[in-house]
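K.L.:
The structure under discussion is supplied below as structure tokens; questions concerning it will follow.
The values are calculated or read from the model by the stated rules, or taken from the named source; none is laboratory data. Values in this document were obtained by computation on a predicted structure and should not be read as measured data. We place every Cβ from the backbone using ideal geometry, glycine too, and count neighbours over all the protein chains shown. Calculation scope for accessible area: heavy atoms of the full protein, side chains included, ligands and nucleic acids excluded. Shrake-Rupley method; radii C 1.70, N 1.55, O 1.52, S 1.80 Å.
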Amino acid sequence: MENKITIKKGPLLTSNEGPLIISGPCSAETAEQLMETAMQLKKLNRVHILRAGIWKPRTRPGAFEGIGSIGLEWLRDAKAATGFPTAIEIANAKHAEEALKAGVDILWIGARTTVNPFAVQEIADALVGVKVPVLVKNPVNPDLELWIGALERLSRAGITELGAIHRGFSSYEKSKYRNKPNWEIPIELRRRIPELPIINDPSHICGNRELLLSVAQTAMDLNFDGLMLESHIDPSVAWSDAKQQVTPADLNKILNQLVLRKSSFDDAVMLNLLEDLREKIDLMDTKLITMLSRRMKIAKKIGKYKKEKNITILQSNRWDEIVNSRLKLGTEKKLSEDFITKLFEIIHQESINHQNQVMNKEKKKNIS
Ligand code: PEP
Ligand code: MN
């Protein structure tokens with residue numbers, strides 16, 4: 001099912017130079033904290049949009065769940081003092097209505113809301129006939145369809161100033177990130193909806209200050225359209241996400257260190273060189289696919305043999321041997337452990353599928 005999403009990039013989501021920068025506290029805490037943060041951000045002269053959370057969907061109850069509607073007044077004051085367009089997270093129709101009434105300029109749907117089609121539909125219904133930019137954070141789980149589905153619901157409601165925020169994906173395994181970036185997901189989103197602006201949110205990916213620059217740099221190197229970075233006048237005492245917020249001065253330092261590259265190049269010599277290298281890669285990919293196909297044919301032969309001898313598809317010892325020897329060779333060839341592990345897991349799974357076809361062919365026939 002293909003659904004065409006119409007995107008019109010309005011002035012609020014456009015930066016004339018460099019990436020679109022959205023910054024401000026994780027949560028609005030007091031009128032003074034929000035105003036002071038906004039004033040300091042304004043002085044940097046490179047932030048485009050002021051963000052603040054008013055209603056905070058916290059994982060566990062008992063934590064600070066947002067200051068609520070009063071924060072809308074503080075945002076209005078901060079906007080009047082600085083001229084910043086403002087952005088907040090909304091999670092239901094009531095939030096949407098209150099935000100619009102208070103003159104909030106941009107709405108975003110948080111990661112814990114994008115996962116819920118009922119909630120997203122409720123918000124979309126509340127926005128019918130309204131002209132407001134809406135940014136959709138990726139769902140907490142790595143599910144591109146769910147992310148696109150939320151964008152489609154808003155698109156069907158008539159919202160055209162759409163954008164996506166990549167804030168990373170939660171996982172059960174330990175990781176250096178609070179939410180793993182899984183860059184392949186926003187890259188595929190870009191391939192599927194090329195006109196959709198994608199904003200990277202290093203703060204929620206990292207969960208700490210140390211990694212912010214490297215994540216932001218990766219996003220820039222992948223040609224993302226903007227960055228959402230949380231800032232606070234005194235991060236150490238922040239009421240939420242204290243470990244990942246930075247002072248406006250530190251935000252400036254991060255932005256100063258970012259290397260911005262052009263998205264295409266016009267130099268003819270470089271272009272030729274690149275074409276040459278790409279041809280080589282195309283050839284290697286053809287070889288890789290041919291080899292993989294041959295590997296699967298051999299796996300099928302093994303499947304036939306296993307069937308005759310009535311032995312199981314999975315032979316743990318053999319699999320263990322494959323993992324260890326391929327990891328060793330991979331390391332020698334300067335390929336990362338993570339890459340080799342993932343690569344052979346999917347190759348192995350495909351082999352199992354092929355063997356399964358051979359071994360259980362008759363069963364399917366019996367059923368149908
Ligand atoms: C936030 O932006 O402060 C927030 C709660 O983000 P997320 O929905 O990405 O967790
Ligand atoms: Mn936050």
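K.L.:
Within the chain, what is the longest stretch that has no chymotrypsin sites (Phe, Trp or Tyr not before Pro) placed in a DSSP loop and near at most 12 other beta-carbon atoms within 10 Å? If you can, show how the numbers build up before the last one.
P.N.:
On the way: sites that count: Tyr172, Phe265.
Result for the longest clean stretch: 1-171.
K.L.:
Size of the stretch 243-368 along its principal axes in angstrom, Cα-based, largest extent first?
P.N.:
That gives 68, 46, 39 Å along the principal axes, largest extent first.
K.L.:
For the stretch 149-162, just list the computed ³J(HN,Hα) in residue order, Karplus coefficients 6.51, -1.76 and 1.60, θ = phi - 60°, integers in Hz, with x standing in for Gly and Pro.
P.N.:
x, 5, 4, 5, 4, 5, 4, 5, 7, x, 7, 10, 7, 9
K.L.:
With only alpha-carbon atoms in the gyration tensor, what are the semi-axes of the equivalent ellipsoid for the chain, in Å, largest first? Spell out each step's value before the answer.
P.N.:
Numbers: eigenvalues 400, 122, 90 Å².
Those come to 45, 25, 21 Å.
K.L.:
Where nothing but the Cβ of Lys and Arg (+1) and of Asp and Glu (-1) is charged, how large is the charge dipole of the chain around its Cα centre, in debye to the nearest 20?
P.N.:
On the way: 54 positive and 46 negative charges, 401 e Å.
Charge dipole, the chain, about its Cα centre: 1920 debye, nearest 20.
K.L.:
Lys253 accessible area, nearest 10 Å², 1.4 Å probe?
P.N.:
Roughly 120 Å² of Lys253 is accessible to a 1.4 Å probe.
K.L.:
State the antiparallel share, in %, of DSSP beta bridges confined to the chain, rounding to the nearest 5. Spell out each step's value before the answer.
P.N.:
On the way: 1 of 28 bridges.
About 5 percent, rounded to the nearest 5.
K.L.:
Where does helix 337-359 land angle-wise versus the long Cα axis of the chain, in degrees 0 to 90, nearest 10?
P.N.:
Tilt relative to the chain: about 50 degrees.
K.L.:
Here's a follow-up. How tilted is helix 117-126 with respect to the longest principal axis of the chain? Cα atoms for both, answer in degrees (0 to 90, nearest 10).
P.N.:
40
K.L.:
Nearest 500 deg cm²/dmol is fine: what mean residue ellipticity at 222 nm does the chain get from its DSSP H runs of n ≥ 4 alone, each adding -39,500 (n - 2.57), divided by its residue count? Intermediate values should be presented prior to the final figure.
P.N.:
Working: 14 runs with 186 residues, N = 368.
Using -39500 (n - 2.57) per qualifying helix, the result is -16000 deg cm²/dmol.
K.L.:
Let me ask another. Treating only the Cα positions of the stretch 58-128 as identical point scatterers, give the base-10 log of I(q)/I(0) from the Debye formula at each q in 0.19, 0.20 Å⁻¹.
P.N.:
Once normalised to I(0) and log-transformed, intensities are -0.82, -0.89.
K.L.:
I would also like to ask the following. Enumerate the amide H contacts of Ile165 below 5 Å, restricted to partners 5 or more residues apart or on another chain; note that Pro and chain-start residues carry no placed amide H.
P.N.:
For Ile165, whose amide H was placed from the backbone, the distant partners under 5 Å are Val136, Lys137, Asn138, Ile199.
K.L.:
Further question on the same structure: Calculate one ³J(HN,Hα) per residue across the stretch 40-52 by plugging θ = phi - 60° into the Karplus curve 6.51 cos²θ - 1.76 cosθ + 1.60, and present them in order as whole Hz with x for glycine and proline.
P.N.:
Running phi through 6.51 cos²θ - 1.76 cosθ + 1.60 with θ = phi - 60° gives 5, 5, 4, 4, 5, 6, 9, 9, 9, 9, 9, 9, 6 Hz.
K.L.:
So how far, in whole Å, is the C-alpha centre of the stretch 1-39 from the one of the stretch 161-232?
P.N.:
15
K.L.:
Would you kindly derive the ³J(HN,Hα) couplings of the stretch 257-268 from the backbone phi angles with the Karplus curve 6.51 cos²θ - 1.76 cosθ + 1.60 (θ = phi - 60°), listing them in order in whole Hz, with x for Gly and Pro?
P.N.:
7, 5, 9, 9, 10, 6, 7, 8, 10, 10, 5, 5
K.L.:
Hey, can you grab everything whose amide H is under 5 Å from the amide H of Leu335? Only 5+ residues off in sequence or another chain; H modelled, so Pro and N-termini drop out.
P.N.:
none
K.L.:
So, one more: Using +1 at the C-beta of Lys and Arg and -1 at the C-beta of Asp and Glu, which of Phe339, Asn324, Ser351 has the Cα lying farthest in the positive direction of the dipole of the stretch 306-365?
P.N.:
It is Ser351.
K.L.:
Which net charge results when you count Lys and Arg as +1 and Asp and Glu as -1 among the other residues whose beta-carbon is under 13 Å from that of Ile185?
P.N.:
+2
K.L.:
With everything on Cα atoms, drop me the angle between helix 70-82 and the longest principal axis of the chain, reported from 0 to 90° to the nearest 10.
P.N.:
Here the helix axis deviates by roughly 80 degrees.
K.L.:
Cα convex hull of the stretch 222-282: mean projected area in nm², to one decimal?
P.N.:
Working: hull surface 26.6 nm².
With the hull built on Cα positions only, its mean projection is 6.6 nm².
K.L.:
Taking amide hydrogens as modeled 1.01 Å from N in the peptide plane, which residues meet the under 5 Å criterion relative to Val246, leaving out close sequence neighbours?
P.N.:
The list, which skips near neighbours in sequence, is Ser231, His232.
K.L.:
Just to be sure I understand the model, the point goes 7 Å from the Cα along the line to the Cβ. What's the resulting Leu213 to Gln257 distance in nm?
P.N.:
For the pair Leu213/Gln257, the computed spacing is 0.2 nm.
K.L.:
Where a ≥ b ≥ c are the square roots of the eigenvalues of the C-alpha gyration tensor, would you call the stretch 1-104 rounded, which needs a/c under 1.5, or, failing that, prolate if a/b is larger than b/c, or oblate?
P.N.:
Working: a/c = 1.78, a/b = 1.07, b/c = 1.65.
Taking the square roots of the gyration eigenvalues as a ≥ b ≥ c, the stretch 1-104 is oblate.
K.L.:
Ignoring solvent entirely, what values of log10 I(q)/I(0) come out of the Debye formula for the stretch 178-288 at 0.13 Å⁻¹ when each Cα is a single scatterer?
P.N.:
Ignoring solvent entirely, the Cα scatterers give -0.64.
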